[in-house]
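J.: Below: one structure in C-alpha cells.
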Amino acid sequence: MGTALTEDQIAHYREHGFVSPVSAISNDEAVAARAKLEAHEALRGHPIDAVERSKSYVLFTWVDAIMRNDGLLDAVEDLIGPNILCWNSIFWIKEANTPSFVGWHQDLTYWGLDNDELVTVWVALSPASEAAGCMSVLPGSHLELLDHVETYHDDNLLSRGQELTIDIGDRNPAPMPLETGQASFHNVKSAHGSGPNTTDDRRIGLSLHYMPTHTKQLLAEWDSAALVRGVDEFNHFEHAPRPTADLHPDAVAFHRKASKTLRQIVYEGAEKNVEPTL
Ligand SMILES: O=C(O)CCC(=O)C(=O)O
C-alpha cells in the first residue's frame, strides 16, 4: 500500500505501465488553473505558444503549485521513491473541433534520459473525454522499445511528428478519459497517443514529468529540473528556481536557457543549437 495509491493501482502501473484515472487536484483548482492560463493567453493575444507551453513551472506560480501538490507527489513517490525531480511540464491543448492529434510514441526514445523510471502525470484542466481526444496507452508497452518514424505531419502535436511503425489495432489500446481535475499516470516507455477533439470545448491537459534524482541527461551537458521532494545527492540537473511572481524577469531568463536545451533535445537531438522564440 502506498501513501496515496492503492496496492492495486501500484500493481497495475508496474504490470501495464499506466494507471488512470487518479484523483489529482480538485475540480475548483483545475478550473482556476485554466482561468489563469486563459488570462495569460488573453494578455498575449493568442493561445500559449510552443516555448511557453513547456517548463512553464519556471514561469508561473500556479503551475509550480500544481507540480508541488502534496497528494500528487505522494502518488508519484509511491511509484519512484522519495527523491523527486520534475524535469518538464507541458500544456497539451487541442482547440475545439480541430484535427490536431498526438501520434503514437514512446517518450524515452526522444528525451535523452539514462533510465526508464520517469512517470508522466497528465492532469486534465478541462474534460478529456474520448470525444475530446483523450490519451490512450498500449498496455504492457513499457516493457519494450518500439520503432518510430518522424512524419512532421502538420496536425501531429509532437515536435517531430513521431509515430510508431507497429499496427496499433493489434495491441488493444486503452483509452484514459479524465474528468476535470483527474490525472493519468504513465511510464516514460509506455506507448501513447490521442485523436482529434470533436467537442465544442478546448481539451487542456498539463503533463508533469517526474523522475528520481539519480537520473542523468545524456543528450546535453547542461539541463535543469525542479527538486519537488526529498534530497538530491546527485545534482545531475541544475535546480530550477521557484517563481516568486508570474513572469518575473529572473524566471523568464532561466526559462529561456532551460527551453533552449529542451528544444535541442526534443527537436533535434543534441546536434544543433536552436534559438527558442520566447
Ligand atoms: O495530450 C496528449 O494527448 C498526449 C500527451 C503526451 O504525449 C504526453 O503527456 O506524454
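J.: Which ones in the range 20-55 are of a type in the set (Lys, Arg) and over 18 Å from the mean Cα position of the chain (by Cα)? Quick ask: steps written out before the conclusion?
T.: Within the range 20-55, the subset of a type in the set (Lys, Arg) is 34, 36, 44, 53, 55.
Matches in the range 20-55: Lys36, Arg44.
J.: May I pose another question? Let me confirm something: among Trp111, Trp104, Trp122, Trp92, which residue is closer than 24 Å to Tyr13 by Cβ, open to solvent by 40 Å² or more (accessible area, probe 1.4 Å), under 14 Å from the mean Cα position of the chain (by Cα) and among the aromatic types (Phe, Trp, Tyr)? Before the answer, list the steps.
T.: Values: Trp111 fails: open to solvent by 40 Å² or more (accessible area, probe 1.4 Å); Trp104 fails: under 14 Å from the mean Cα position of the chain (by Cα); Trp122 fails: open to solvent by 40 Å² or more (accessible area, probe 1.4 Å).
Only one candidate qualifies: Trp92.
J.: How many residues does the range 155-187 hold that are more than 21 Å from Leu262 (Cα to Cα) and part of a loop (DSSP other than H, G, I, E, B)? Write out each step before concluding.
T.: Going through the range 155-187, the residues more than 21 Å from Leu262 (Cα to Cα) turn out to be 155, 164-185.
Keeping just the survivors that are part of a loop (DSSP other than H, G, I, E, B) gives 155, 165-167, 172-173, 176-177, 179-181.
Here the count works out to 11.
J.: Being modelled with pLDDT under 95, among the β-branched types (Val, Ile, Thr) and assigned to a loop (DSSP other than H, G, I, E, B) narrows it down to one residue among Thr215, Thr277, Thr199; which is it? Break it down stepwise before answering.
T.: Working: Thr215 fails: modelled with pLDDT under 95; Thr199 fails: modelled with pLDDT under 95.
So the residue among Thr215, Thr277, Thr199 that is modelled with pLDDT under 95, among the β-branched types (Val, Ile, Thr) and assigned to a loop (DSSP other than H, G, I, E, B) is Thr277.
J.: Assuming Glu130 fulfils every condition listed in (1) within 14 Å of the ligand (Cβ to nearest atom); (2) surrounded by 15 or more Cβ atoms within 10 Å (Cβ to Cβ); (3) modelled with pLDDT of 95 or more apart from one, which condition is it?
T.: (2)
J.: So which residues in the range 140-193 are within 12 Å of the ligand (Cβ to nearest atom), more than 21 Å from Trp87 (Cα to Cα), in contact (Cβ under 8 Å) with a residue 60 or more places away in the chain and open to solvent by 50 Å² or more (accessible area, probe 1.4 Å)?
T.: Pro177
J.: For the subset of the range 194-221 comprising residues that are within 15 Å of the ligand (Cβ to nearest atom) and aliphatic (A, V, I, L, M), which member is nearest to Asp114 (Cα to Cα)?
T.: Top of the filtered list is Met211.
J.: Is there any pair with a first residue in the range 233-248 that is surrounded by fewer than 14 Cβ atoms within 10 Å (Cβ to Cβ) and a second that is part of a loop (DSSP other than H, G, I, E, B) and of a type in the set (Ser, Thr, Tyr) whose Cβ atoms are under 9 Å apart and which are 6 or more apart or on different chains, and what are they?
T.: Glu233/Thr213; Phe234/Thr213; Phe234/Thr215; Asn235/Thr213
J.: Moving on. Can Glu52 be described as without any contact (Cβ under 8 Å) to a residue 24 or more places away in the chain and acidic (Asp, Glu)? Spell out how you get there, then give the answer.
T.: Working: without any contact (Cβ under 8 Å) to a residue 24 or more places away in the chain: no; acidic (Asp, Glu): yes.
Judged against the criteria, Glu52 is not a match.
The values are calculated or read from the model by the stated rules, or taken from the named source; none is laboratory data. On a predicted model such as this, the values are computed, not experimentally measured, just so you know. Neighbour counts are summed over all protein chains in view; Cβ atoms, including those assigned to glycine, are modelled from backbone coordinates with ideal geometry. Side chains included, ligands, DNA and RNA excluded: accessible areas come from the protein's heavy atoms. Shrake-Rupley method; radii C 1.70, N 1.55, O 1.52, S 1.80 Å.
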